[in-house]
1. Cβ-Cβ under 7 Å, sequence separation 6+ or interchain: first residue in region B:16-30 and at the interface with another protein chain (Cβ under 7 Å from one of its Cβ atoms), partner aromatic (Phe, Trp, Tyr) and open to solvent by less than 30 Å² (accessible area, probe 1.4 Å). Which pairs?
2. Kindly indicate the residue of region B:89-129 that is surrounded by fewer than 23 Cβ atoms within 10 Å (Cβ to Cβ) and part of a strand (DSSP E or B) and also farthest from the other protein chains (Cβ to nearest Cβ) among those meeting that condition.
3. Any residue in region B:201-220 that is over 15 Å from A:Thr60 (Cβ atoms) sitting within a Cβ distance under 7 Å of a residue that is among the acidic types (Asp, Glu) and open to solvent by 20 Å² or more (accessible area, probe 1.4 Å)? List the pairs, counting only those 6 or more apart or interchain.
4. Scan region A:44-63 and tell me whether some residue there is modelled with pLDDT of 90 or more, closer than 28 Å to B:Tyr268 by Cα and within 7 Å of chain B (Cβ to nearest Cβ).
5. Among the helices (runs of 4 or more DSSP H) contained in region B:291-364, which hold 3 or more residues that are under 23 Å from B:Val97 (Cα atoms)?
6. Can you confirm whether region B:130-151 contains a residue that is under 21 Å from B:Gly272 (Cβ atoms), open to solvent by less than 40 Å² (accessible area, probe 1.4 Å), more than 20 Å from the chain's Cα centre (by Cα) and not polar (S, T, N, Q)?
7. So, of the residues in region B:31-81 that are of a type in the set (Asp, Glu) and not in a strand (DSSP E or B), which turns out to be nearest to B:Val104 (Cα to Cα)?
8. Restricting to region B:130-161, name every residue that is among the hydrophobic types (A, V, I, L, M, F, W, C) and under 15 Å from B:Ser301 (Cα atoms).
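The values are calculated or read from the model by the stated rules, or taken from the named source; none is laboratory data. Remember, predicted model here, so these are calculated numbers, not experimental data. No Cβ is skipped: glycine too gets one built from the backbone with ideal geometry, and neighbour counts run over all protein chains shown. Just the protein is used for accessible areas: all its heavy atoms, side chains included, with ligands, DNA and RNA removed. Shrake-Rupley method; radii C 1.70, N 1.55, O 1.52, S 1.80 Å.
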Amino acid sequence: VTDAKAASDPTLVERWLEDQRQWQKTAMAYLDSMVKNDDFLVHLGNAMRGSLLAGKPYPTAKPEAAPAQEAPADDRLDQVLFALHQMQGQLNDLRLTLEELRNGGKGKSVKARPRKVAARKTSRRSRG
Amino acid sequence: VSEPEQERELEALLELSRRGRAKLERLHEVLTSPGHYGTGATPSTVVYRENKLRLLRLLDESGQPRAGRPAVLFVPAPVSRYFIVDLLPGRSFAGHVAAAGFDVFVIDFGTPTSEDRFADLAYYVDGLVRRSVRVVSRLTGQPAINVVGYCLGGTLSLLYSALYPETVARLVLLTTMVDGDVQGGIAWVAHRMGLEGERYDHPRLVPAAEVKSWFEMLAPGSNSVVGRVSDLWERLDDPAARLRDVRTMATWVDDVVPAPGRLLAELYQKFGPGRNGLMQGTATVGDRMVELAAVRMPVLSVSAEKDLIAPPEGVDAITRVVPHADVLRLPGGHVGIVAGRTATSLWQRTVEFLATSRGGADGA
């Protein structure tokens with residue numbers, strides 16, 4: 001019985017060959033995901049940095065990008081865009097007030113005060 | 001080397017190869033399987049949008065809001081992702097509070113882009129947070145609601161509560177620094193890493209990698225790629241289901257968002273080391289003085305014993321400016337007490353605090 005069992009057990013060489021086949025399968029699974037799944041390369045890159053972060057690349061500082069981290073010299077477009085966001089907020093306040101008036105004044109205690117604060121936000125002055 | 005010895009060595013090599021391959025197969029499974037990676041765990045609906053902000057209202061099992069229940073608004077930190085308070089099914093702070101019988105809302109501040117570098121404290125407190133409270137009040141019909149702020153979100157909540165106290169029924173502050181002169185923590189690290197150089201008048205969008213580097217300075221080892229890879233490699237022995245949970249947490253920890261430079265400059269100049277506006281009574285939002293004496297609603301402030309980001313001494317100092325505040329110090333770290341395996345003790349204490357009818361400066 002012992003001889004029969006020994007004969008059926010794979011030899012070391014056979015197990016090594018099987019291990020190689022399994023490695024090929026693993027490598028093919030990775031290659032397949034790289035081709036079929038756009039996010040996989042990002043996730044794999046994150047894992048190679050020791051992170052399981054999903055959905056975006058791991059945040060790393062790029063030396064060549066250092067100058068871009070400075071505030072842009074001409075920031076007028078961003079100021080306009082941000083002012084639009086502030087106006088959106090003020091319009092939402094007005095809409096909420098109208099709804100409250102329609103509903104008989106419920107919740108009116110959360111209105112901004114003073115209302116002039118929002119207009120001052122874009123003023124350029126030191127806060128030091 | 002004898003033949004049996006050689007065979008043993010080869011067997012060991014084969015086993016090493018098998019284990020390495022098993023780890024890589026598990027990694028592949030985790031990297032390709034869906035999960036709650038940054039999306040929140042509890043079903044919700046968006047009830048308000050403004051700029052990048054989304055205000056989420058959690059839904060019950062039948063997909064309906066818990067209308068008629070006391071409202072709770074979660075205010076996470078705007079420099080990280082919101083879903084730390086709604087991490088995983090069974091590990092969701094907001095979900096736990098909702099299941100306990102509250103109508104829960106969560107602010108997702110979103111990811112700032114270039115123009116948002118001009119956002120200051122007034123924009124967040126008097127704009128985004130105030131309008132979120134207003135929307136919650138309108139939807140629930142409750143003139144005063146419960147507010148739960150985490151970390152910097154707690155700072156915004158405290159300032160808001162001082163400016164609009166009549167709209168806040170109860171206030172919970174989680175790992176919220178009040179005493180900026182207490183050494184250690186993110187404010188001091190940011191100070192040493194150059195936050196002082198941020199300019200209010202000509203702000204930049206502080207890159208996520210830079211914000212992350214401040215947090216990494218507080219957790220030795222996490223700023224080393226070799227250390228992180230080694231940790232991950234060890235972790236790959238865990239079951240895939242556990243690794244998916246780890247991945248959700250990693251997605252929160254590593255997905256720091258860029259920060260508005262004007263907000264950081266203002267926070268540093270008003271509340272940072274040497275300024276300490278909350279303790280000195282000199283804090284302002286926009287042109288308005290913040291009177292912490294106005295905070296008369298019941299307040300619970302929670303610190304974490306091993307908090308490297310907001311040292312517990314700087315958090316517990318709230319009793320010197322809001323004397324009626326209940327102070328609770330829990331074992332664990334900054335993130336662990338909110339979303340770790342032992343976080344249920346915080347969740348339960350919060351529910352008990354929100355449910356009780358006592359407390360407050362007037363003993364109401």
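1. Once the first residue is at the interface with another protein chain (Cβ under 7 Å from one of its Cβ atoms) and sits in region B:16-30, its partners that are aromatic (Phe, Trp, Tyr) and open to solvent by less than 30 Å² (accessible area, probe 1.4 Å) give B:His28/A:Tyr30.
2. Of everything passing the filter in region B:89-129, B:Arg91 is farthest from the other protein chains (Cβ to nearest Cβ).
3. Listed pairs, sorted by first residue: B:Arg204/A:Glu70.
4. No: region A:44-63 contains no residue that is modelled with pLDDT of 90 or more, closer than 28 Å to B:Tyr268 by Cα and within 7 Å of chain B (Cβ to nearest Cβ).
5. B:336-339, B:344-355
6. There is no residue in region B:130-151 that is under 21 Å from B:Gly272 (Cβ atoms), open to solvent by less than 40 Å² (accessible area, probe 1.4 Å), more than 20 Å from the chain's Cα centre (by Cα) and not polar (S, T, N, Q).
7. Selected residue: B:Asp60.
8. B:Val147, B:Val148, B:Cys151, B:Leu152, B:Leu156, B:Leu158, B:Leu159
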